[in-house]
Amino acid sequence: MRWWSITNWLIAINVAVYLVDVVSQRHLFQWGYFSAETAIYHLQLWRFITFQFLHASVTHILFNMIALYFFGPMIERYLGSRRYLGFYLLCGISGAVMYLLLMYARVPGFVAWVPLIGASAGILGILIAAARIAPNAQVMLLIPPIPMRLRTLAWIFIGIAVVTIISQGSNAGGEGAHLGGAATGFLLIQRPQLLRIFDFNWFRRPPRGPRMSNWR
């Protein structure tokens with residue numbers, strides 16, 4: 001389905017996973033959330049990916065998907081579809097890695113058994129990348145409905161994350177993951193050549209060899 005962008009696919013998969021999770025009474029949550037206890041101590045490494053497609057509530061997934069819808073296409077056009085998908089997933093993985101680093105650093109609020117879910121780390125990586133590409137682009141907030149530059153919006157989200165962690169807020173763990181996604185998003189948009197590994201095409205036919213007549 002080439003007419004669908006990677007951003008559209010990501011939104012569709014996130015929504016589908018959320019609906020199946022609700023209908024199954026959170027069975028997907030139990031199988032896919034990230035925590036140090038499950039992913040590291042029990043070597044359930046798939047959770048570095050699966051937690052990115054799980055959400056806690058309608059508002060959680062709604063705001064994440066709105067942000068992905070508005071900012072994702074800019075980065076997808078800039079990087080290309082394959083690199084963009086790798087970029088998104090790596091930013092999400094970095095969110096989990098940052099959570100682990102803060103936990104091992106004994107930052108209050110980061111413990112091994114707390115579950116981590118949501119696409120926010122990947123989306124904040126996208127937001128930071130968009131702010132790097134077009135820092136003066138004007139965006140309109142939803143709540144409150146005021147315009148501001150994209151670079152300002154990015155700094156606001158980073159500031160909220162830092163303040164929440166320092167003040168040991170209720171979502172300190174999630175905000176730590178946001179910082180991980182933001183840091184990786186900034187690094188990869190500065191050096192997109194690091195994403196070359198994703199420049200593959202599983203469906204491309206190998207070049208045909210020369211015909212026998214060419215050897216005459």
I want to confirm something. Restricting to the range 15-47 and keeping residues that are of a type in the set (Phe, Trp, Tyr) and buried (at least 18 other Cβ atoms within 10 Å of the Cβ), which single residue is nearest to residue 177 (Cα to Cα)? 34
Suppose we filter the range 98-127 for residues that are out of contact with any Gly (no Cβ under 7 Å at 6 or more places or on another chain) and not small (Gly, Ala, Ser); how many remain? 13
Which of the residues that make up the range 22-61 are of a type in the set (Lys, Arg) and under 18 Å from residue 120 (Cα atoms)? 47
List, please: which pairs have Cβ atoms under 9 Å, are six or more places apart or on different chains, and start with a residue in the range 155-170 that is touching a residue at least 12 places away in the same chain (Cβ under 8 Å) and end with one that is surrounded by 12 or more Cβ atoms within 10 Å (Cβ to Cβ) and among the aromatic types (Phe, Trp, Tyr)? 165/110
Using beta carbons and a limit of 7 Å, which pairs, at least six apart or on different chains, have the first residue in the range 73-84 and closer than 14 Å to residue 194 by Cα and the second one of a type in the set (Asp, Glu) and not in a helix (DSSP H, G or I)? 82/199; 83/199
Which listed residue is modelled with pLDDT of 95 or more and over 25 Å from residue 153 (Cα atoms), from 118, 32, 86, 122: 32
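Quick grid of which residues meet (1) crowded, with 19+ Cβ neighbours inside 10 Å; (2) part of a helix (DSSP H, G or I); (3) of a type in the set (Val, Ile, Thr):
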site: 59; (1), (2), (3): no, yes, yes
site: 68; (1), (2), (3): yes, yes, no
site: 72; (1), (2), (3): yes, yes, no
site: 77; (1), (2), (3): no, yes, no
site: 87; (1), (2), (3): yes, yes, no
site: 90; (1), (2), (3): yes, yes, no
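Condition check ((1) in a helix (DSSP H, G or I); (2) touching a Pro at 6+ places or on another chain (Cβ under 6 Å); (3) touching a residue at least 24 places away in the same chain (Cβ under 8 Å); (4) surrounded by 21 or more Cβ atoms within 10 Å (Cβ to Cβ)) across all residues:
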{"residue": "95", "(1), (2), (3), (4)": "yes, no, yes, yes"}
{"residue": "99", "(1), (2), (3), (4)": "yes, no, yes, yes"}
{"residue": "103", "(1), (2), (3), (4)": "yes, no, yes, no"}
{"residue": "107", "(1), (2), (3), (4)": "no, no, yes, no"}
{"residue": "112", "(1), (2), (3), (4)": "no, no, yes, no"}
{"residue": "118", "(1), (2), (3), (4)": "no, no, yes, yes"}
{"residue": "122", "(1), (2), (3), (4)": "yes, no, yes, yes"}
{"residue": "132", "(1), (2), (3), (4)": "yes, no, yes, no"}
{"residue": "143", "(1), (2), (3), (4)": "no, no, no, no"}
What residue, among those in the range 48-57 that are in a helix (DSSP H, G or I) and touching a residue at least 24 places away in the same chain (Cβ under 8 Å), is surrounded by the most Cβ atoms within 10 Å (Cβ to Cβ)? 52
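The values are calculated or read from the model by the stated rules, or taken from the named source; none is laboratory data. No experiment lies behind these values; they were computed from the predicted model shown. Cβ coordinates were reconstructed from backbone atoms using ideal geometry, including for glycine residues, and neighbour counts include every protein chain displayed.
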